[in-house]
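What follows is one structure encoded as structure tokens, with my remarks underneath.
The values are calculated or read from the model by the stated rules, or taken from the named source; none is laboratory data. All figures in this text were calculated on a predicted structure; none of them were measured in a lab. Counting neighbours? That spans all protein chains shown, and the Cβs are built from the backbone with ideal geometry, glycine included.
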Amino acid sequence: MKDYGVIPYNEATIYALPTGSAIELVVLSLALGSRINQLKKDRQRAREKELNTSLLNEKIQKEQNVILEKSVNERTSELREINDSLQATLEDLRSAQQQLIQSEKLASIGQLTAGIAHELNNPINFVSSNAQSLKRDFIDVKEIISLISNLDSESSSLKEDYLAVCNKMSQLDIPFTMNEIDELLLGVEDGANRTTEIVRGLRIFSRMDGNQTVMANLNELLSSTLIILRSNLKDEADVIVELSENVPDISCQPGKLNQVFMNIITNAAHATMETELPRSDR
């Protein structure tokens, strides 16, 4: 256009295009540099966020590990105490059974022993079944604790390891498992209490005082006799027990008195079998 006189031919028109191109390159460089700086800042923020998330996850994992381990230790301690109590109860049972055999107070020792064994077998089986379930639950919980303990915040597979822990916890359902453990422990405790009650009744019933007269409680003696006979009576009659409270101790021979109670109750139960009354009215 300068050849046709449209644009004057001078230094300004000669260097206008190169100057514009240079300015354009400068502006483009500044824009590109700004974009690169922005990307660097975004990447830095992402790294900081990822680090904070990793630290938070590590803190949560440690807290969960402590809570789970504490809960498992508490349940294990409770189970150990219950097992110790059961062992002591079984030792008492062996001692009481030996005294019962040696005293030769029962003419039908075989039948009564079978009844006692049946009464003891139920709570013992219940405790044994619950113990197996508790063992299974503890194995699952310990597996989770092991997975959490092996987490390494510096490991390249931290995310995958953490997802594996979460997946395992989801499969196990921790709240349900801990509730199940509590219920199983209550069941074990109930079984232990029932066993203790039976052994206590057996111990009272099998006291070897010979012909000695001692102070004894009638309610305890009668209750111990009913415990011994419970298995034998359940198919014959319903026994309704109504004992007066605050019955004072009396001077007696407990072994012989227990034998009297046993004979009376057994004879009464056998007599009801000969009637035509329904079982609920015997």
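Specify which of the listed residues (LEU184, LEU202) is in the same structural domain as ILE148 (by TED's automatic domain parsing), modelled with pLDDT of 80 or more, closer than 22 Å to VAL127 by Cα and touching a Ser or Thr at 6+ places or on another chain (Cβ under 8 Å).
From the options LEU184, LEU202, the qualifying one is LEU184.
Out of the range 225-247, which residues are touching a helix residue (DSSP H, G or I) at 6+ places or on another chain (Cβ under 7 Å) and free of Cβ contacts under 8 Å to residues at least 24 places away in the same chain?
VAL241
So, in the range 160-185, of the ones that are within 9 Å of the chain's Cα centre (by Cα) and not hydroxyl-bearing (Ser, Thr, Tyr), which residue ends up nearest to GLU78 (Cα to Cα)?
Taking the candidates together, the pick is LEU185.
Among the numbered criteria (1) modelled with pLDDT under 80; (2) out of contact with any Asp or Glu (no Cβ under 7 Å at 6 or more places or on another chain), which one does SER153 miss?
Only one criterion is unmet by SER153, namely (2).
Residue check: is LEU257 modelled with pLDDT of 80 or more and either farther than 15 Å from ALA216 by Cα or of a type in the set (Asp, Glu) (or both)?
no
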